[in-house]
Amino acid sequence: AQSVTQLDSHVSVSEGTPVLLRCNYSSSYSPSLFWYVQHPNKGLQLLLKYTSAATLVKGINGFEAEFKKSETSFHLTKPSAHMSDAAEYFCVVSANTGNQFYFGTGTSLTVIP
Amino acid sequence: EAQVTQNPRYLITVTGKKLTVTCSQNMNHEYMSWYRQDPGLGLRQIYYSMNVEVTDKGDVPEGYKVSRKEKRNFPLILESPSPNQTSLYFCASSLGGYSYNEQFFGPGTRLTVL
C-alpha cells in the first residue's frame, strides 16, 4: 500500500530565508515521488519528480528535493523564499504499476515580506 | 497549446439532479484521471483510465461514474448528486500508465450540491 504524510500543514518563512517542506512516504514498491504546487484558485503544476535516478532532484523555480530511502522521506527545499512561492504544496507517491497516485494533505506556505 | 480543459468551471446544483463534468486533453495522452480536493484531505483519486474503454476505481469512487469512449475525453458523471459531493474536482492526464509520468491537471471544477 502507498501513502504520503506531509508533516506540516502550514509553514511560514520570511522572504529570502530557506524553505523546508517535509514529506514522508510509505510504499510497498520502488516508488515514484512528485511535488506539485497549487497557487490560489489555480490548477496544479509539477515542481519536480523522483523516478529512481539521481536521489537529489532539481525542479523549477529553484526548488529541489532529496530522496532518502532509509528515512522514507522526500523533503522539498529552496535556499531563498520569494513572495511568489506562497502557495499550497502537495507531495505525491505512485507505485511502479503507475495506476494510482496518492496525495498528501498539503502544506500551505506563507512568505512574510 | 497543450492543455487539459474542464467544463463547467463552476456548478451549483440540487440533490438528485444528474450532472456531467467534461474533461478533454489535446496531448494524445493514454492515461486520464479524476480527483476531488477537500480541505485538509488533499486530492483523492476517484477513477482513472489507462486507455480507451479501460477504466478503474480509485480511492473514492462511490457516487461517481466515468466513461472513456475516445482517447481525448473522460467525462465524470454524478447520477444522483448529494451534498457530500460538494468539492473541487480536477481532471488530469499523462503520457501513459507508468508511475514516473507526470500528470497534467485541468483548471478544476467547483461543484456545490444543495
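The values are calculated or read from the model by the stated rules, or taken from the named source; none is laboratory data. The model shown is predicted, which means the values in this text are computed figures rather than measured ones. So basically every Cβ, Gly included, is an ideal-geometry build from the backbone, and we count neighbours across all protein chains shown.
For this structure, a couple of remarks:
- Some residue of the stretch A:30-42 being touching a residue at least 40 places away in the same chain (Cβ under 8 Å) and among the small types (Gly, Ala, Ser): yes
- Test: residue in the stretch A:54-67 that is facing chain B (nearest Cβ under 10 Å), farther than 15 Å from B:TYR100 by Cα, without any contact (Cβ under 8 Å) to a residue 24 or more places away in the chain and not small (Gly, Ala, Ser): no
- Of the set (1) assigned to a loop (DSSP other than H, G, I, E, B); (2) surrounded by 13 or more Cβ atoms within 10 Å (Cβ to Cβ); (3) within 11 Å of chain B (Cβ to nearest Cβ), all apply to A:ALA81 but (3).
- Test: residue in the stretch B:89-112 that is surrounded by fewer than 20 Cβ atoms within 10 Å (Cβ to Cβ), at pLDDT 95 or above, in contact with an Asp or Glu (Cβ under 8 Å, 6 or more places away or on another chain) and in a strand (DSSP E or B): no
- Filter result (in a loop (DSSP other than H, G, I, E, B) and over 19 Å from B:ARG68 (Cα atoms)) within the stretch B:10-53: B:VAL14, B:THR15, B:GLY16, B:LYS17, B:PRO39, B:GLY40, B:LEU41
- Among the residues of the stretch B:1-25, those identified as surrounded by fewer than 21 Cβ atoms within 10 Å (Cβ to Cβ), more than 20 Å from B:LEU78 (Cα to Cα) and either over 16 Å from the mean Cα position of the chain (by Cα) or at pLDDT 95 or above (or both) are B:GLU1, B:ALA2.
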